[in-house]
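So the structure is just underneath, and the comments pick up after that.
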Amino acid sequence: MNYAGTPVREIARRAAEDAVGLQQAGFTHVMVQDASDMPQAVRVSAPTVAALSVVGAAVTEAVYLPVGVVVGHNDGPSAVAVGHAIGARFVRVKVLTGVAIGPTGWIEGCAHEVAAVKRTLGSDVEVWADVHEATSLPLASTPRWAAREAREFGRADALVVTRDSGVPDALAAIADLRDVVPGVPLLVGGRVGLGTIDATVAGADGAILGSAIKRSSAPDARVDPDVAARFGAALTAGAA
């Protein structure tokens, strides 16, 4: 809704350039997302799918890192379609199972639709599902129930945990979920900063970084190379 008219090819060029910068900084994965589209729809329209496909293709061609796709507030089927088309490795789905209420209203799990699109396309793209994602309120479930259902019913390959209260609470939740979904990667989905990246690397299987590595909070903000390098150094040190 706040698209300012920048040509999609230029957006793609910038995204590819930023992805290369993250690769050089030591990051292990990159994602493309329509994160700055506000207000954001639960399911997006054809122009967004087309634009994300162009941007995502530019990114996958520019880096050797695994690429992920996030679409809309909860458009898992479109994410799978875009991901399959561009050769992405994974998609992130914020409400794969269960029901939540968010700024857009009622948000229902889309596990069946995600599985159906994967089957139709013959796609092996991984599904990373949120456990009570931070921008909506889950109904009638606990994190342990949400994690179990996302894995067993939704067939999620990895789980993402975010807490508005901060990274320590997200790490505590991850520790509590280890026995519920043994062997499933558990990542911190947000709120990670330079002051908490070391603890995150120690207590989780990864972290998803967005605004923390940007130059500003503007919709078209670019990745800050210096900040990215500092995060990358922390990631490298933690993996050593």
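The values are calculated or read from the model by the stated rules, or taken from the named source; none is laboratory data. Remember, predicted model here, so these are calculated numbers, not experimental data. Note that we place each Cβ from the backbone using ideal geometry, even for glycine, and neighbour counts take in every protein chain shown. Calculation scope for accessible area: heavy atoms of the full protein, side chains included, ligands and nucleic acids excluded. Shrake-Rupley method; radii C 1.70, N 1.55, O 1.52, S 1.80 Å.
Quick look at the values:
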quantity	calculated
Qualifying residue in the stretch 11-31 (condition: farther than 21 Å from I208 by Cβ and in contact (Cβ under 8 Å) with a residue 24 or more places away in the chain)	yes
Index of the failed condition, P143 passing every other in (1) at pLDDT below 95; (2) out of contact with any His (no Cβ under 7 Å at 6 or more places or on another chain)	(2)
R92 vs. criteria among the charged types (D, E, K, R) and under 12 Å from the mean Cα position of the chain (by Cα)	yes
Filtered residue count, the stretch 217-240, keeping only those that are open to solvent by 30 Å² or more (accessible area, probe 1.4 Å), of a type outside the set (A, V, I, L, M, F, W, C) and at pLDDT 90 or above	5
Selected residue (criterion: nearest to S165 (Cα to Cα)) from residues of the stretch 188-240 that are of a type in the set (S, T, Y) and touching a residue at least 24 places away in the same chain (Cβ under 8 Å)	T196
Tally of residues being within 22 Å of T97 (Cα to Cα) and of a type outside the set (A, V, I, L, M, F, W, C) across the stretch 170-201	8
Which listed residue is of a type outside the set (S, T, N, Q) and without any contact (Cβ under 8 Å) to a residue 24 or more places away in the chain, from P103, P7	P7
Candidates V71, V82, V117, V125 - the one that is of a type outside the set (D, E), in contact with a Phe, Trp or Tyr (Cβ under 9 Å, 6 or more places away or on another chain) and over 17 Å from A147 (Cβ atoms)	V125
When residues of the stretch 18-53 are limited to those that are assigned to a helix (DSSP H, G or I) and farther than 25 Å from G189 by Cβ, the one most open to solvent (accessible area, probe 1.4 Å)	P47
Output for the stretch 55-69, where each listed residue is crowded, with 18+ Cβ neighbours inside 10 Å and part of a helix (DSSP H, G or I)	V55, G56, A57, A58, V59, T60, A62
